[in-house]
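One structure is given below, encoded as structure tokens.
The values are calculated or read from the model by the stated rules, or taken from the named source; none is laboratory data. Only a predicted model underlies this, so the values are computations on that prediction, with no experimental measurement involved. Here the Cβ positions follow ideal geometry from the backbone for every residue, glycine too, while neighbour counts run over all protein chains shown. Side chains are part of the model used for accessible areas, which takes the heavy atoms of the whole protein and leaves out ligands, DNA and RNA. Shrake-Rupley method; radii C 1.70, N 1.55, O 1.52, S 1.80 Å.
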Amino acid sequence: MALKLRPLSYSLGAEVCAIDVSRKMSEHDFGDVYRAFLEHGILLFRDQHITREQHIEFSRRFGELDKHDALPRDRHPDHPEILMVTNEPKLNGAPSDSKYTGRQWHSDMSFTLVPSSGSLLRCITAPPVGGDTMFANMYMAYDALSAGMKKLIAGLHGIHMSGTRKIANSTTGIPRAEEQKRINPPVAQPVVRMHPETGRKALYIGDKVKSFDGMTEEESRPLIEYLVQHATRPEFVYRHQWQANDILVWDNRCTMHCALGDFDETQLRHMERTTVLGTPSGYVVKAA
Ligand code: OGA
Ligand code: MN
């Protein structure tokens, strides 16, 4: 099987056309998919009418799956490998815990000691318009830095805090954020990470980073803000407009992403994610 790929943007991403991810795929054919994943950072599979079990099964081809012990509120009660990303209210009418998942630039599970290598997000219901997700190519962002800046950040570690950014006028996130802090102490991660499979260096930064290890927040903030702004320049970014039955897999080691929240919140947006375990990275730091 020769893969039919269609680039999604200048900076990253490719659509894999004419494929059914629920069909048995030989090692050889999956090898082609995996190589395309490493090369493009994001793969899109459209029109995949699959079950939760098939989502999990296909995801396992990418590696061992996270059971989401770090995010217990959001996992599916019967399938710990599935993380709910939905604004559907709970049965008692309370807002969904995952209503604001991903509303800041981040790489999945960076606040743990086993950050994810890849995530597979399946769109079950998209709002009629908007609800897009942006992705940034962190190889390109690193490569575009000056030699001086590369030298400056070479030894730095960013301290990643778990939890969702506070959304104005919302109390949804407070109990969740407090629980998150309890379960997941801050973890320091290298600002420049070597991708274990491609050997290329990528920036590893985002809005979950509040300071650099050994520096104050005040000292760190300008450089963190600069690096996030730099990495999310339009030429490094792809903006995904979701359709129902899309599956998007992204490489968390060389991309970061952000849910825009650009949609009418009274409309349903229901996504489900699996998370592939990456290689161990980082160390726990005491909260400042
Ligand atoms: C995620 C995430 C973004 C979105 O599932 O990891 O960040 O747009 N989702 O739902
Ligand atoms: Mn995410």
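Hey, residue 73 hits all of (1) open to solvent by 60 Å² or more (accessible area, probe 1.4 Å); (2) modelled with pLDDT of 95 or more but one; which does it fall short on?
With respect to (1) open to solvent by 60 Å² or more (accessible area, probe 1.4 Å); (2) modelled with pLDDT of 95 or more, residue 73 is out only on (2).
How many residues are outside any strand (DSSP E or B), under 15 Å from the mean Cα position of the chain (by Cα) and crowded, with 20+ Cβ neighbours inside 10 Å when one looks only at the range 185-210?
Residues that pass the stated criteria total 4.
Does residue 246 qualify as being under 13 Å from the mean Cα position of the chain (by Cα) and surrounded by 16 or more Cβ atoms within 10 Å (Cβ to Cβ)?
Answer is no for this residue.
Take the range 145-159 and flag every residue that is open to solvent by 10 Å² or more (accessible area, probe 1.4 Å), in contact (Cβ under 8 Å) with a residue 40 or more places away in the chain and not hydrophobic (A, V, I, L, M, F, W, C).
150, 157
Determine the pairs where a residue that is farther than 21 Å from residue 127 by Cα, located within the range 77-89, has a partner that is away from ligand 2 (no atom under 15 Å from the Cβ) and modelled with pLDDT under 95 with Cβ atoms under 9 Å apart, the partner being 6 or more residues away or on another chain.
80/72
When you go through (1) open to solvent by 30 Å² or more (accessible area, probe 1.4 Å); (2) under 23 Å from residue 174 (Cα atoms); (3) more than 15 Å from the chain's Cα centre (by Cα) one by one for residue 84, which number turns out not to apply?
(3)
Being more than 18 Å from the chain's Cα centre (by Cα) and either part of a loop (DSSP other than H, G, I, E, B) or small (Gly, Ala, Ser) (or both) narrows it down to one residue among 79, 68; which is it?
79
What do you reckon, is residue 108 of a type in the set (Asp, Glu) and more than 23 Å from residue 241 (Cα to Cα)?
no
Out of 274, 279, which single residue is open to solvent by less than 30 Å² (accessible area, probe 1.4 Å) and of a type in the set (Ser, Thr, Tyr)?
None of the others qualify; the one that does is 274.
Conditions tested, residue by residue: (1) under 16 Å from the mean Cα position of the chain (by Cα); (2) among the aliphatic types (A, V, I, L, M); (3) open to solvent by 10 Å² or more (accessible area, probe 1.4 Å).
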{"site": "97", "(1), (2), (3)": "no, no, yes"}
{"site": "100", "(1), (2), (3)": "yes, no, yes"}
{"site": "110", "(1), (2), (3)": "yes, no, no"}
{"site": "130", "(1), (2), (3)": "no, no, yes"}
{"site": "161", "(1), (2), (3)": "yes, yes, yes"}
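Do the conditions hold for residue 142, that is, is it of a type in the set (Phe, Trp, Tyr) and either buried (at least 23 other Cβ atoms within 10 Å of the Cβ) or more than 11 Å from ligand 1 (Cβ to nearest atom) (or both)?
Against the criterion (of a type in the set (Phe, Trp, Tyr) and either buried (at least 23 other Cβ atoms within 10 Å of the Cβ) or more than 11 Å from ligand 1 (Cβ to nearest atom) (or both)), residue 142 qualifies.
Table: residues versus (1) away from ligand 1 (no atom under 11 Å from the Cβ); (2) at pLDDT 95 or above; (3) farther than 12 Å from residue 275 by Cβ.
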{"residue": "83", "(1), (2), (3)": "no, yes, no"}
{"residue": "92", "(1), (2), (3)": "yes, no, yes"}
{"residue": "97", "(1), (2), (3)": "yes, no, yes"}
{"residue": "107", "(1), (2), (3)": "no, yes, no"}
{"residue": "111", "(1), (2), (3)": "yes, yes, yes"}
{"residue": "120", "(1), (2), (3)": "no, yes, no"}
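Going by the structure shown, is residue 134 more than 16 Å from ligand 2 (Cβ to nearest atom), closer than 29 Å to residue 220 by Cβ, open to solvent by 30 Å² or more (accessible area, probe 1.4 Å) and not in a loop (DSSP other than H, G, I, E, B)?
No: the conditions fail for residue 134.
Quick test of your reading of the structure: residue 32 fulfils all but one of (1) touching a residue at least 12 places away in the same chain (Cβ under 8 Å); (2) more than 16 Å from ligand 2 (Cβ to nearest atom); (3) assigned to a loop (DSSP other than H, G, I, E, B); (4) open to solvent by 30 Å² or more (accessible area, probe 1.4 Å). Name the failing condition by number.
The one condition residue 32 does not meet is (3).
Going through the range 247-288 one residue at a time, which ones are assigned to a loop (DSSP other than H, G, I, E, B), within 21 Å of residue 209 (Cβ to Cβ) and within 15 Å of ligand 1 (Cβ to nearest atom)?
Result: 252, 253, 260, 261, 278.
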